[in-house]
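In what follows, a structure is listed as structure tokens, so that the remarks can point back to it.
The values are calculated or read from the model by the stated rules, or taken from the named source; none is laboratory data. Here the structure is a predicted model, which means the values were calculated and not measured. Cβ coordinates were reconstructed from backbone atoms using ideal geometry, including for glycine residues, and neighbour counts include every protein chain displayed. Each accessible area value is taken on the protein alone, full model and side chains, heavy atoms only, with ligands, DNA and RNA left out. Shrake-Rupley method; radii C 1.70, N 1.55, O 1.52, S 1.80 Å.
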Amino acid sequence: MHRSTSGVRRACAVGTTIALIGLTTGLGMVTATAAYADDSTPAVSAPADPNAQTNTDTTPASSETPTTPTADEPGTDPTTPVSTDPAPSTDPGASTTTDQTDPAAQQAPTTPSTTTDSAVSSKAAVASDAKIVGDAKVGTTLRVDAPELSGTYQYAWSTDGGQTVAEITPAYSVTTADLGKRISVLVTDGNGNTATAETDVVTEDVAYDTKTTADAPRRIEVTAGDTLDETFVVSKGSGDVTYAIGYTDPDSSDPTDPDDQPESYLPYDTVFDAATATLRGEVTAASTFDFTVVASNGTSKATEYVEVVVDPGAAVGVMASATDTSAQDAFDGVHASNVWIIEPNGAITSISFPADLDAEPTITDGGQPTVQQGGSLWVDGSPVDEFGNSTVEFDDDGNFPMATVTSDHADDQIAWDDDSFSTKVTFPHASTHVLTVAEDGLSVSFPVTVNPTVVTAPVAAVTPTTAKGQLAYTGSDATGALPWALAMLAAGAGLVGLRALRRRTQR
């Protein structure tokens, strides 16, 4: 080891001080006060303790570099022990340096505040957020998840921040008493850490008292002439509930068709009041009407399937029909046809169908069945109530009773026609014939004009015949289903709701 001189020692002391100043200044810490060694005071600058450099900022009063006397000092007896006491500093504000052999001096000083904060943070309670699992709806069960907590949990459930309504359990059953409120939960673990969560406002799904389906609907049975006043209000549901008519079988419906809207499935002459969920009106057409009532509160929906059965009233007479075209030729796109509807009071409605199936039929009040000599009419009829609904039902064997047809001309040929499921009447002689259709003690009679066959003769006058062209059109364009309905009439099975059919064509 090389001996050092006082100049060297001084240079070392100054260099060490400059290094410390640069270090502490660069780190933004308090600048230490350097102690310069006096020539008369034996001292050797000791290597700086790395720990002491790192913690310089925490001990501003003891940042002086400690020095230790050396045996190499000139004039000192090597055999004389050198004092280990630190040399007094010339700086009055500097603290006494610690002996290099002191173990405590070799440890990095610890900032008291750091130790205290660390101890407190390890014991302080932590507040965090929990998560409530489940919808805030009546009838559901809520659960809480607090992933940041550990150990044994305690739970406190409350509504709108009020009195605790449930403790201990992590689950909460929502009831009608919670409607319109928010449910909160406070979770606490064994270390005092807490977590909180709150739901949205509690709602309730809309629901009807009785569950219905398309195969098991709510059935309402009335008689033609009765007045409907049925409500379809849900028994459960929060908020503002709205109502609308829907399809029983949406797959077989066409919402883009103006004539196939949900309301078109309601009984004729009835109206649905969406504000009160009420179906009102006098029913006149005997039939079965299937539809749905859909309730919604914005967050849920409920559907009630409805079937309204309108039975016919008491029979008041016989309604008959006659057509001049066979079942094979009717609506074949080649032959034009004429149909006459004879009501129980004898009033007649004439309907003329062009050969073109896309053309509209012509419907006229009045007229009379007309046929050429040797031609035929296909005739059928059925007892009806005052609204024109057929009152005949299938018998126990599944057969539909047919009316009896007679003529005031004995030579008219009357026979049952299996193809048209009606009675075929052929007129051999030209004149006015009267046909009678009777069933169940009721009957209706109507005249038939049989025009003579045109005879070609030089001087003979030709008997004019009734034109079969289109008559004045007095109906509307709502006749899409009319050809099918009247074809059924011609086949002897379409008298059900005939008066209602006439009303639809006049809208």
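Results for (1) β-branched (Val, Ile, Thr); (2) touching a helix residue (DSSP H, G or I) at 6+ places or on another chain (Cβ under 8 Å); (3) over 30 Å from residue 226 (Cα atoms); (4) touching a residue at least 24 places away in the same chain (Cβ under 8 Å), shown as yes or no for each residue.
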| residue | (1), (2), (3), (4) |
| --- | --- |
| 398 | no, no, no, no |
| 420 | no, yes, yes, yes |
| 447 | no, no, yes, yes |
| 453 | yes, no, yes, yes |
Margin query: I'm trying to understand the selection: among the residues of the range 406-456, which are closer than 13 Å to residue 373 by Cβ, part of a loop (DSSP other than H, G, I, E, B) and not aliphatic (A, V, I, L, M)?
Written below: 409, 411, 412, 427, 428, 429, 452, 453
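In the range 366-387, how many residues are farther than 21 Å from residue 327 by Cα and open to solvent by less than 50 Å² (accessible area, probe 1.4 Å)?
5
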Check: Checking residue 293 against (1) out of contact with any Pro (no Cβ under 7 Å at 6 or more places or on another chain); (2) farther than 17 Å from residue 214 by Cβ; (3) among the β-branched types (Val, Ile, Thr), which single condition isn't satisfied?
Finding: (2)
Next item on the list: Report yes if some residue within the range 422-434 is within 21 Å of residue 332 (Cα to Cα) and in contact with a Lys or Arg (Cβ under 8 Å, 6 or more places away or on another chain); otherwise report no.
Entry: no
Margin query: I need every pair where a residue in the range 132-147 that is under 14 Å from residue 205 (Cβ atoms) has its Cβ under 9 Å from the Cβ of a residue that is of a type in the set (Asp, Glu) and modelled with pLDDT of 95 or more, sequence separation at least 6 or different chains.
Written below: 137/204; 137/205; 138/204; 138/205; 139/204; 139/205
Next item on the list: Report, ordered by the first and then the second residue, all pairs with beta carbons closer than 9 Å, sequence separation of six or more or different chains, a first member in the range 202-214 that is among the acidic types (Asp, Glu), and a second member that is outside any loop (DSSP other than H, G, I, E, B) and open to solvent by less than 60 Å² (accessible area, probe 1.4 Å).
Entry: 204/137; 205/137; 205/302
Item checked: Every pair of residues 6+ apart whose Cβ atoms lie under 8 Å, when the first sits in the range 172-201 and is over 14 Å from residue 146 (Cβ atoms) and in contact (Cβ under 8 Å) with a residue 60 or more places away in the chain while the second is assigned to a loop (DSSP other than H, G, I, E, B) and open to solvent by less than 70 Å² (accessible area, probe 1.4 Å) -> 199/136; 200/136; 201/136; 201/180
Check: Of the residues that make up the range 388-403, is at least one surrounded by fewer than 20 Cβ atoms within 10 Å (Cβ to Cβ), within 45 Å of the chain's Cα centre (by Cα) and among the aromatic types (Phe, Trp, Tyr)?
Finding: yes
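Having 3 or more residues that are open to solvent by less than 20 Å² (accessible area, probe 1.4 Å), under 23 Å from residue 378 (Cα atoms) and not hydrophobic (A, V, I, L, M, F, W, C) is the bar; report the strands (runs of 3 or more DSSP E) wholly within the range 245-362 that clear it.
On the way: elements: 271-273, 278-282, 287-296, 301-311, 317-323, 337-342, 348-353.
The strands (runs of 3 or more DSSP E) meeting that bar are 317-323, 348-353.
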Notebook entry, point to check: Hey, among the residues in the range 242-272 that are touching a residue at least 12 places away in the same chain (Cβ under 8 Å) and charged (D, E, K, R), which one's farthest from residue 282 (Cα to Cα)?
Noted result: 249
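Being surrounded by fewer than 17 Cβ atoms within 10 Å (Cβ to Cβ) and either among the acidic types (Asp, Glu) or under 19 Å from residue 340 (Cα atoms) (or both) is the filter here, so list the residues in the range 417-441 that pass it. First the steps, then the outcome.
Initially, the range 417-441 is screened for residues surrounded by fewer than 17 Cβ atoms within 10 Å (Cβ to Cβ), giving 418-419, 426, 428-432, 434, 440-441.
Selection gives 418, 419, 426, 431, 432, 434, 440.
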